[in-house]
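Quick notes on the structure that follows.
The values are calculated or read from the model by the stated rules, or taken from the named source; none is laboratory data. Because the structure is predicted, anything quoted here is derived from the model rather than measured. All Cβ positions, glycine included, derive from the backbone under ideal geometry; neighbour counts span all protein chains shown.
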């Protein structure tokens, strides 16, 4: 299922296989001035292609290689002949068949391999210039796009909520914190995230999120220095894992968040 909501000149396109599930099961793409930011999941790829038939579509960008951000690529390329761009580190991953966990297959589906081009430090549309901001905390190939004149910031999976309690094994929480500080310094006026609702007037929410992560990381380190085990720290701070951790085979878990903050490469 697809639904669309305009935010001025930016069109938010929400996609989900299970529209009655919580909002976390939805993924957002954004169309602005002929540029599509992310192309969504496999189960809505054909519907997205039909939806864009009467829209101006000239190019697309993948914020990173994950299956819920790239699965419309091949369909859009075949239908409209557009170029699609991504970070250099994402290209080989997007060009090859994906390896997914069962929950990923069920919720988002397998992307068809597609050929994308390396993005530079910016991408231009007819009316706008989007700066490419490397944000490798969520994954090494993750980028954000920033349109300075309007303060538009397209954040992919960098911004999810002001108080996250789980992450994946590959997530680097200290780097994510550094990435958030980098985008905060841009003074964005509106944030367009992939997994959540559009964030208007984001300054306060970025402050809350950054402060929360700083305090959380420090607390986790302090407890570790006092001799607590990783499991004891998780239990003391977060309590029991939720249903989503079980559903994702612990790929999204509070235990992963504790482990990430204890990695020895703090920024």
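Restricting the stretch 91-104 to residues that are out of contact with any helix residue (DSSP H, G or I) (no Cβ under 8 Å at 6 or more places or on another chain) and under 25 Å from residue 120 (Cα atoms), the residue that is surrounded by the most Cβ atoms within 10 Å (Cβ to Cβ) is 93. If you filter the stretch 145-166 down to residues that are part of a loop (DSSP other than H, G, I, E, B) and closer than 15 Å to residue 125 by Cα, you find that the one that is farthest from the chain's Cα centre (by Cα) is 149. When each of 255, 216, 177 is tested for being without any contact (Cβ under 8 Å) to a residue 60 or more places away in the chain, surrounded by 15 or more Cβ atoms within 10 Å (Cβ to Cβ) and closer than 25 Å to residue 141 by Cα, the lone residue that passes is 255.
Here is a list: 195, 188. Which entry is at negative phi, surrounded by 16 or more Cβ atoms within 10 Å (Cβ to Cβ), in contact with a strand residue (DSSP E or B) (Cβ under 6 Å, 6 or more places away or on another chain) and not in a helix (DSSP H, G or I)?
On inspection, the qualifying residue turns out to be 188.
Test residue 63 against the stated conditions and say whether it is at negative phi, buried (at least 18 other Cβ atoms within 10 Å of the Cβ), touching a strand residue (DSSP E or B) at 6+ places or on another chain (Cβ under 6 Å) and in a loop (DSSP other than H, G, I, E, B). I'd like the intermediate steps shown before the answer.
Details: at negative phi: yes; buried (at least 18 other Cβ atoms within 10 Å of the Cβ): yes; touching a strand residue (DSSP E or B) at 6+ places or on another chain (Cβ under 6 Å): yes; in a loop (DSSP other than H, G, I, E, B): yes.
So residue 63 passes the test.
Is it the case that some residue within the stretch 119-135 is surrounded by fewer than 18 Cβ atoms within 10 Å (Cβ to Cβ) and in contact with a helix residue (DSSP H, G or I) (Cβ under 7 Å, 6 or more places away or on another chain)? Checked the stretch 119-135: no residue is surrounded by fewer than 18 Cβ atoms within 10 Å (Cβ to Cβ) and in contact with a helix residue (DSSP H, G or I) (Cβ under 7 Å, 6 or more places away or on another chain).
Report yes if some residue within the stretch 202-223 is part of a loop (DSSP other than H, G, I, E, B) and closer than 25 Å to residue 15 by Cβ; otherwise report no. Within the stretch 202-223 (the criterion being part of a loop (DSSP other than H, G, I, E, B) and closer than 25 Å to residue 15 by Cβ), the answer is yes, since at least one residue qualifies. Of all residues in the stretch 77-90, none satisfies being under 29 Å from residue 171 (Cα atoms), over 18 Å from the mean Cα position of the chain (by Cα) and without any contact (Cβ under 8 Å) to a residue 12 or more places away in the chain. Looking across the stretch 6-41, just one residue is part of a helix (DSSP H, G or I) and either surrounded by 24 or more Cβ atoms within 10 Å (Cβ to Cβ) or out of contact with any helix residue (DSSP H, G or I) (no Cβ under 9 Å at 6 or more places or on another chain) (or both), and that is 23. Among the residues of the stretch 136-161, those identified as under 25 Å from residue 236 (Cβ atoms) and surrounded by 17 or more Cβ atoms within 10 Å (Cβ to Cβ) are 137, 160. Condition check for residue 170 on (1) part of a helix (DSSP H, G or I); (2) without any contact (Cβ under 8 Å) to a residue 40 or more places away in the chain; (3) under 18 Å from residue 63 (Cα atoms): one failure, at (1). In the stretch 10-25, the residues that are farther than 19 Å from residue 67 by Cβ form Cβ pairs under 8 Å with partners that are in a loop (DSSP other than H, G, I, E, B) and at pLDDT 75 or above, at six or more places apart or across chains, as follows: 11/55; 12/198.
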